[in-house]
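So the structure is just underneath, and the comments pick up after that.
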Amino acid sequence: MQTLENQRALVTGGSRGLGLGIVEALVAAKADVVVLARDAERLADVERRLGVTTVVGDVADEGLAESLLRRTLSRWGWGYFRK
């Protein structure tokens with residue numbers, strides 16, 4: 001399997017189905033993943049099992065970008081994106 005170490009991914013709809021499968025594959029390939037979904041309970045389970053960063057939200061929400069950025073930066077900081 002190809003490694004995605006030091007690569008970053010944002011997966012929307014990642015708490016179930018195909019989205020969750022994508023998250024699992026990315027984690028297995030050693031990517032750093034942020035997962036967005038509407039179901040807080042399912043997201044909490046995904047975060048516990050896979051060690052990913054999660055954000056509860058709906059892509060239709062205009063304030064979502066700020067929430068995503070804040071959560072991602074709280075985990076990795078700005079330097080993480082300058083690699």
Next item on the list: First measure r as the distance between the Cβ atoms of Leu69 and Leu18, then evaluate 1/(1 + (r/R0)^6) with R0 = 22 Å and state the FRET efficiency to the nearest 0.05.
Entry: 0.30
Item checked: Pair Ala40, Thr3: separation of 7 Å Cα→Cβ label points (nm) -> 3.8 nm
Note to self: Compute, for the chain, the length of the dipole vector about the Cα centre, with Cβ point charges of +1 (Lys, Arg) and -1 (Asp, Glu) only. Units Debye, rounded to 20.
What the structure shows: 340 debye
Next item on the list: Mind computing the radius of gyration and Dmax over the alpha-carbon atoms of the chain? Å is fine for both.
Entry: 12.3, 37
Margin query: With unit charges on the beta carbons (Lys and Arg positive, Asp and Glu negative) and the dipole taken about the Cα centre of the stretch 8-78, which residue among Ala44, Trp76, Val11 sits farthest to the positive side?
Written below: Trp76
Next item on the list: Enumerate the calculated ³J(HN,Hα) couplings along the stretch 6-14 in order (Karplus 6.51 cos²θ - 1.76 cosθ + 1.60, θ = phi - 60°), each rounded to whole Hz, writing x wherever the residue is Gly or Pro.
Entry: 6, 10, 10, 9, 10, 10, 8, x, x
Check: Which value, in debye to the nearest 20, gives the size of the charge dipole of the stretch 1-43 about its Cα centre, when Lys and Arg are +1 and Asp and Glu are -1 at the Cβ?
Finding: 80 debye
Margin query: Sort 61-74, 37-50 by the packing proxy (mean of other Cβ within 10 Å over each peptide's residues), most packed first.
Written below: 37-50, 61-74
Check: By the scheme Lys and Arg +1, Asp and Glu -1, what is the net charge of all other residues having a beta-carbon under 13 Å from that of Leu43?
Finding: +1
Next item on the list: Counting only DSSP beta bridges with both residues in the chain, tell me the antiparallel percent, nearest 5.
Entry: 0 percent
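Read the figures in this text as sums done on the coordinates, not as results from a lab. The structure presented is a predicted model; accordingly, all values stated were derived computationally and were not measured. Positions of Cβ are backbone-derived with ideal geometry, glycine not excepted, and every protein chain shown enters the neighbour counts.
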